1. Do any GluC sites (Glu not before Pro) in the stretch 14-109 lie in a loop, going by DSSP, with at most 11 other beta-carbon atoms within 10 Å of their beta carbon, and if so which?
2. Enter the Cα centre distance for the pair the stretch 157-171 and the stretch 78-147, rounded to the nearest angstrom.
3. Give the value in nm², to one decimal: projected area of the alpha carbon convex hull of the chain, averaged over all directions.
4. Which residue, Pro105, Pro14, Pro113, has the most motion in a Gaussian network model of the chain that connects Cα atoms within less than 10 Å?
5. Using a 1.4 Å probe and counting only protein heavy atoms, arrange His98, His150, His58 so the residue with the most accessible area comes first.
6. Looking at the stretch 58-126 from every direction and averaging, what is the projected area of its Cα convex hull in nm²?
7. Summing +1 for each Lys or Arg and -1 for each Asp or Glu, what net charge is found among the other residues whose Cβ lies under 13 Å from the Cβ of Tyr148?
8. Grab the DSSP H runs of the chain that are 4 residues or longer, score each as -39,500 (n - 2.57), total them, divide by all residues and round the 222 nm result to the nearest 500 deg cm²/dmol.
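The values are calculated or read from the model by the stated rules, or taken from the named source; none is laboratory data. This is a predicted model, so every value here is computed, not measured. Ideal geometry is used to build each Cβ from the backbone, glycine not excepted, and the neighbour counts take in all protein chains shown. Please note that ligands, DNA and RNA were not included when accessible areas were found on the heavy atoms of the full protein model with its side chains. Shrake-Rupley method; radii C 1.70, N 1.55, O 1.52, S 1.80 Å.
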Amino acid sequence: MSVFERVAAIGVVPVIALDDARHALPLADALAEGGLRVIEVTFRTSAAVDTIRQIAQHRAEMLVGAGTVLNEAQADAAKAAGAMFALSPGIDRQVLDHAAQIGLPFAPGIMTPSDLQIALRAECKLVKFFPAMAAGGLTMLKNIAGPYLHTGIGFNPTGGVTRDNLTDWLGYARVRAVGGTWIATSADIAAENWEKIRSNAAEAADLVRKARG
């Protein structure tokens, strides 16, 4: 299985902005114990690289990805730290080409058919639909995806996806996995509320099972 096929099998990607890398391993443990062995560590904080490195080195069972990768240097840093995949909120052909050169599976952000065609030309297998709810929600995604269904492209909606609408998104076959910030919020991580994060992860994993029958 490719890394994105493995992500799709899990169904939910916790999207994390970590301010302190000392929380990396207990966070990974809480997510894994709840049934989500995947994490997207966003490059929105200075702790991102160290967080990815710690999880990659010490929690081999976790699929660790880098989020908010905006340029070639960040792609290099993510790859060197052990990231298995990367995502971005938008699409940049130069970054896509560079990620391909260094062997880093990359899911760019798209919001329009034009974005999607750029991703397809770059041979992307998965794209992030962002910001999912603000961009028109599931109805908008279905309309954008319609002319491209024959390509096999998959979607990772992120931005406004919650426990309340997760099953709606996953009910659409082209949605491989959703991204969610509610599973491990910055406040819960800072408070080291690992039990709540574990519970949120378990609830999300259960919702995936129910959505997929």
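1. Working: sites: Glu33, Glu40, Glu61, Glu72; in loops: Glu61.
Answer by residue number: Glu61.
2. The distance from the Cα centre of the stretch 157-171 to that of the stretch 78-147 comes to 18 Å.
3. Working: hull surface 41.9 nm².
Result: a mean projected hull area of 10.5 nm².
4. Of Pro105, Pro14, Pro113, the most mobile in the Gaussian network model is Pro113.
5. Order by accessible area, largest first: His150, His58, His98.
6. One quarter of the hull surface, i.e. the mean projection, equals 4.5 nm².
7. Residues close to Tyr148 contribute a combined charge of +3.
8. After summing the helix terms and dividing by the residues of the chain, the value is -13000 deg cm²/dmol.
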